[in-house]
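The values are calculated or read from the model by the stated rules, or taken from the named source; none is laboratory data. All figures in this text were calculated on a predicted structure; none of them were measured in a lab. We place every Cβ from the backbone using ideal geometry, glycine too, and count neighbours over all the protein chains shown.
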Amino acid sequence: METESLSQPSAINPKRKGGAAKGNKNAQKHGVTVLKNALKELKRHDLQKVMQPWRKDLIRDLGGDVSTKQDAIISLAIKTKVLLDTVDAWLFQQESLINKRKKSLIPAAKDRQIFADALARYMSMLGLQRKTKLTSLSEILSKDDGKPESAPADGNGEAG
């Protein structure tokens, strides 16, 4: 009879089948599962909403017309930025970034640095200088057609 009571669900909470107490974090060795769940919560179109303005800004900063290679690097940079932002959000929710037992940083903090370094590499590949969009001669002339030119009075660049 005593062996039957051990295999029965807990007498305290009949719905629980036993095991660790609710909220126990003993099985949480790393944050990968938490990060996966956080990414699942973000729907694909939500990610596109977040990424689209940054993509447009990067393309504008590169002069507007990007090559296929630059577009591929931009795509990698955007994905890396989303991962980096997600890891940052998760890290800021943690009580401590130190594994007390091992006296070291938690692995997610080290992985965050890998994402940050990758993003920095992609940005340096694209170039740090803002490039202005080149305008054609016909665009320049079409803009000037509607505006009267104000010429200096004496011809050497000084008025009156």
Cβ-Cβ below 6 Å, separation at least six or inter-chain, first residue in region 61-72 and free of Cβ contacts under 8 Å to residues at least 40 places away in the same chain and surrounded by 14 or more Cβ atoms within 10 Å (Cβ to Cβ), second in a helix (DSSP H, G or I) and of a type outside the set (Asp, Glu): which pairs? Val66/Ile59
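Rundown of residues vs (1) outside any helix (DSSP H, G or I); (2) farther than 18 Å from Arg121 by Cβ, yes/no style:
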residue: Asp46; (1), (2): no, yes
residue: Arg60; (1), (2): no, yes
residue: Gly63; (1), (2): yes, yes
residue: Lys79; (1), (2): no, no
I need every pair where a residue in region 118-129 that is on the phi < 0 side of the Ramachandran plot has its Cβ under 8 Å from the Cβ of a residue that is surrounded by 14 or more Cβ atoms within 10 Å (Cβ to Cβ) and not in a helix (DSSP H, G or I), sequence separation at least 6 or different chains. Leu126/Leu62
Let me spell it out: the conditions are (1) at pLDDT 90 or above; (2) surrounded by 10 or more Cβ atoms within 10 Å (Cβ to Cβ), and Val82 meets all of them except one. Which number is the exception? (1)
Complete set of residues in region 95-130 that are part of a loop (DSSP other than H, G, I, E, B), closer than 30 Å to Leu58 by Cα and out of contact with any helix residue (DSSP H, G or I) (no Cβ under 7 Å at 6 or more places or on another chain): Gly127, Leu128, Gln129
Please state which one of Val87, Val34 is at pLDDT below 85, part of a helix (DSSP H, G or I) and surrounded by 10 or more Cβ atoms within 10 Å (Cβ to Cβ). Val34
